[in-house]
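Down below is the structure, laid out as structure tokens.
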Amino acid sequence: MLIRNQHADYRKPLEAVDAETLGIEAAETVERFLSHRPNHRPTPLRSLPALARELGIGAVHLKDEGFRLGLGSFKALGGAYAVIRLVLEAAEARLGRPVAIAELHSPEVAKISAAMTFGCATDGNHGRSVAQGAQLVGARSVIFVHGGVSDARVAAIARYGAVMERVAGTYDDSVAEAARVCEANGWTVVSDTSWPGYERIPGLVMQGYTAIFREALEKLPEAPTHVFIQAGVGGIAAAAAGYLANRYGEARPTFVVVDPARAACIFETARQGKPVKIAHGEPTVMAMLECYEPSQVAWRVLSRVADAFMTVEDETAVEVMNLLARPFDHDPVVVAGESGGAGLAGLLVAARDADMRATIGLDAHSRVLLVITEGATDPDRYRELVGLTPGDIAIAGK
């Protein structure tokens, strides 16, 4: 299902704070911070010409975040970036002077960061990023996970020294518990979703994601005409839409937000024209996108600069995983986790439907940019759904 943006704020300018958070200068700041990470390098931008021909469009490019900072997910850019920014700000307040990123591991700053604890709720990937960021700065992390998070993903977070806390219920229940426990203990919540009175830190997390699109636009042969980005609470979609709006203004590409049909909180918010919490139903295979209440900051951005909202079924997400593992003709092999290819799933659905194509102006000349937001972050689940291991695919792709 696809709907156009009908919100009263559609095509209005971004609020000043959002324009600054997701602007060109902000993305350059993120790049400066990344340059101090020893394993930082731009992730691959892959062209899939055979798939583009199959879909009757001009070009398909994938930004493959499965290679991001050793975490296998775009989330590596958000939580860790926010943790580092918060440590430096605490150091500036304590020392009474500006503190540069190069001083992060100095004795003065290290003493301050060692006394800090960062907490968050996660479906898996955001928690790994926060835990990694805390480990990088010598701080403590406590990560809250709900019952649907696999043991493999919990173990992957714990490897970064995090204290793990299981919470009954859904992702949204774990968000509430993380906020409660952190407040009670004087810890800092680094959430990728926002609520009234808590916006700046989720804004920093979103700011970290702008690096993806800055890198992509540097490598694309031409500007994209269409962008399909998946949404959980909406963070990466808002980061992309906001950055592209700042970069291109009225000439920005058509932007489509893609939700799992079983956890479509952004889609339902767009349909009703206000943030809504949807009922928890049957779990979606797109586990990293299984969110039932949108980030209010993300919605504020998307209500202005997203052009359309759509849902995709679990079957299409699994089809994408297999399509990328066994691509058309000489297209590159790509490892995409269950949630990683949801934007491409949206493109498949739209390209196969004449009415949807007409609604968003998708045609033979369209140039589509997508983000593979995660690789096989749960290898056992990947093998179950694709019939191959990530290692098998890596060998086949050589």
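Pull up the range 82-109, narrow it to residues that are assigned to a loop (DSSP other than H, G, I, E, B) and free of Cβ contacts under 8 Å to residues at least 40 places away in the same chain, then point me to the one that is nearest to Arg37 (Cα to Cα).
In this case the residue turns out to be His105.
If we keep just the residues of the range 24-61 that are touching a Ser or Thr at 6+ places or on another chain (Cβ under 8 Å) and more than 18 Å from Ile84 (Cβ to Cβ), which is most open to solvent (accessible area, probe 1.4 Å)?
Filtering the range 24-61 for residues that are touching a Ser or Thr at 6+ places or on another chain (Cβ under 8 Å) and more than 18 Å from Ile84 (Cβ to Cβ), the one most open to solvent (accessible area, probe 1.4 Å) comes out as Gly58.
Against the condition among the hydrophobic types (A, V, I, L, M, F, W, C), open to solvent by less than 40 Å² (accessible area, probe 1.4 Å) and out of contact with any helix residue (DSSP H, G or I) (no Cβ under 6 Å at 6 or more places or on another chain), how does Val205 come out, does it pass?
For Val205, the condition - among the hydrophobic types (A, V, I, L, M, F, W, C), open to solvent by less than 40 Å² (accessible area, probe 1.4 Å) and out of contact with any helix residue (DSSP H, G or I) (no Cβ under 6 Å at 6 or more places or on another chain) - is not met.
Mind checking which helices (runs of 4 or more DSSP H) fall wholly inside the range 252-337 and carry at least 3 residues that are acidic (Asp, Glu)?
314-325
Can Ala376 be described as in contact with a Phe, Trp or Tyr (Cβ under 6 Å, 6 or more places away or on another chain), within 17 Å of Gly72 (Cα to Cα) and part of a loop (DSSP other than H, G, I, E, B)?
When the stated conditions are applied, Ala376 passes them.
Before we move on, is Leu302 open to solvent by less than 30 Å² (accessible area, probe 1.4 Å), within 25 Å of Gly56 (Cα to Cα) and not basic (Lys, Arg)?
No: the conditions fail for Leu302.
Of the residues that make up the range 223-238, is at least one part of a helix (DSSP H, G or I) and free of Cβ contacts under 8 Å to residues at least 60 places away in the same chain?
Checking the range 223-238: not a single residue is part of a helix (DSSP H, G or I) and free of Cβ contacts under 8 Å to residues at least 60 places away in the same chain.
Name every residue in the range 186-222 that is in a loop (DSSP other than H, G, I, E, B) and within 15 Å of the chain's Cα centre (by Cα), in order of residue number.
Val190, Ser191, Asp192, Thr193, Ser194 - these are the residues of the range 186-222 that are in a loop (DSSP other than H, G, I, E, B) and within 15 Å of the chain's Cα centre (by Cα).
For Ser366, are the conditions met, namely being among the small types (Gly, Ala, Ser), open to solvent by less than 10 Å² (accessible area, probe 1.4 Å) and closer than 19 Å to Phe213 by Cβ?
Here the answer is yes, as Ser366 does meet what is asked.
From the list Ala76, Ala19, Ala26, which residue is touching a residue at least 40 places away in the same chain (Cβ under 8 Å), in contact with a Leu (Cβ under 6 Å, 6 or more places away or on another chain) and small (Gly, Ala, Ser)?
Only one candidate passes the filter, namely Ala76.
Out of the range 145-171, which residues are part of a helix (DSSP H, G or I) and over 20 Å from Tyr198 (Cα atoms)?
Residues satisfying the conditions are Asp151, Ala152, Arg153, Val154, Ala155, Ala156, Ile157, Ala158.
Find all pairs meeting these conditions: Cβ atoms under 6 angstrom apart; at least six residues apart or on different chains; first residue within the range 320-342 and free of Cβ contacts under 8 Å to residues at least 60 places away in the same chain and among the hydroxyl-bearing types (Ser, Thr, Tyr); second residue surrounded by fewer than 24 Cβ atoms within 10 Å (Cβ to Cβ) and in a loop (DSSP other than H, G, I, E, B).
Within 6 Å, no pair qualifies.
Test each condition in (1) part of a loop (DSSP other than H, G, I, E, B); (2) aliphatic (A, V, I, L, M); (3) open to solvent by less than 30 Å² (accessible area, probe 1.4 Å) for Ala8 and report the one that comes out false.
For Ala8, the exception is condition (3).
Among Leu370, Leu348, Leu323, which is the only one that is modelled with pLDDT of 95 or more and in contact with a His (Cβ under 8 Å, 6 or more places away or on another chain)?
Exactly one of Leu370, Leu348, Leu323 is modelled with pLDDT of 95 or more and in contact with a His (Cβ under 8 Å, 6 or more places away or on another chain), namely Leu370.
Against the condition at pLDDT 95 or above, under 22 Å from the mean Cα position of the chain (by Cα) and in a strand (DSSP E or B), how does Val142 come out, does it pass?
yes
The values are calculated or read from the model by the stated rules, or taken from the named source; none is laboratory data. As the structure is a computational prediction, the values presented were derived from the model and not from experiment. All Cβ positions, glycine included, derive from the backbone under ideal geometry; neighbour counts span all protein chains shown. These accessible areas exclude ligands, DNA and RNA; they are computed on the full protein's heavy atoms, side chains included. Shrake-Rupley method; radii C 1.70, N 1.55, O 1.52, S 1.80 Å.
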